[in-house]
Amino acid sequence: MVLNNYRLRGVDAGDIMILESQSFLEQFFLVGEIPLTAESGVYVWPLVILSYLIASFGSFAGLRLALNIRNFESTNHKRALHIGGALTFGAGIWSMHFIGMLAYDMDMVHKYDFGLTFLSMLVAVVAAYGVLLVIGKSNLTKRYLFFAPIFLGLAICVMHYTGMAAMDMDADIFYVPWLFALSVVIAISASAAAIL
């Protein structure tokens, strides 16, 4: 149980509770063994497949719109394609993520905070806008191709972990450090593959 950045630790001598200071990393990451009280769940595979299909179609449509940006002379047409591509690409990424979260079925009542859920979608759309701005350029340099996947991958991580923070339930969420790091590597690698 976590209370105001301190962990409660029971002591046998007269049921005295000692407050043990908890670092920022201990509030976010699971340090030590996974407790026996950890909640687990199962994936609903039709929703997992649906999330993959939505991500594929959303990314394809968004990148297709972005490729057409260069074909128009009008600034208004370019801007409209850029915004449409960012909405399609970003919403596709976010929908894949949110449906993937819905696909994880736990024996626990949980709901989602609207503000944080909307913020996670906004992060995806803004990131997509930035990436489409880069790949819409007529002269793509190696520097752009190096930094764009990192930017998109980190934005996807921010989107994901903001979406996870939006979960409202009678439990705390902690992350296993090496799996957290692996999620960042996978997000950047997948972003590089998509952009290239």
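General remarks:
- Under Karplus coefficients 6.51, -1.76 and 1.60, residue-wise ³J(HN,Hα) of the stretch 27-36 in Hz, glycine/proline x: 7, 10, 10, 7, 9, x, 6, 6, x, 5
- Accessible area of the stretch 43-196 belonging to carbon and sulfur atoms, whole % at 1.4 Å probe: 71
- Using just its DSSP H runs of length 4 or more, each adding -39500 (n - 2.57), the chain gives a mean residue ellipticity at 222 nm of -21500 deg cm²/dmol after division by all residues.
- Across all directions, the average projected area of the convex hull around the alpha carbons of the stretch 77-145 is 6.1 nm².
- Straight-distance crosslink candidates among lysines, where the alpha carbon sits under 25 Å from Lys111 and sequence neighbours closer than 8 are dropped: none
- Once divided by 2.2 N^0.38 Å, the Cα radius of gyration of the stretch 55-98 becomes 1.17.
- Relative contact order %, the stretch 33-165, counting alpha carbon pairs below 8 Å whose residues are six or more apart: 30
- Between the helical axis of 142-165 and the longest alpha-carbon principal axis of the chain there is an angle of about 40 degrees.
- Eligible lysines near Lys78 by straight Cα distance, threshold 22 Å, same-chain separation 8 or greater: Lys137
- Excluding ligands, DNA and RNA, the accessible surface per residue across the chain is 65 Å² with a 1.4 Å probe.
- All C-alpha pair distances within the chain, sorted into 10 Å bins from zero, spread as 8, 28, 30, 18, 10, 4, 1, 0 percent across the bins.
- Close amide H partners of Tyr175, meaning residues 5 or more places away or on another chain with modelled amide H under 5 Å apart, are Phe29, Leu30.
- Simple rule: put +1 on each Lys or Arg Cβ and -1 on each Asp or Glu Cβ in the stretch 53-131, find the dipole, and look at Met96, His110, Gly62; the Cα lying farthest toward the positive end is Gly62.
The values are calculated or read from the model by the stated rules, or taken from the named source; none is laboratory data. Just so it is clear, the structure is predicted and the values come from calculations on it, not from any experiment. Note that we place each Cβ from the backbone using ideal geometry, even for glycine, and neighbour counts take in every protein chain shown. Protein only, heavy atoms only, side chains kept; ligands, DNA and RNA dropped before computing areas. Shrake-Rupley method; radii C 1.70, N 1.55, O 1.52, S 1.80 Å.
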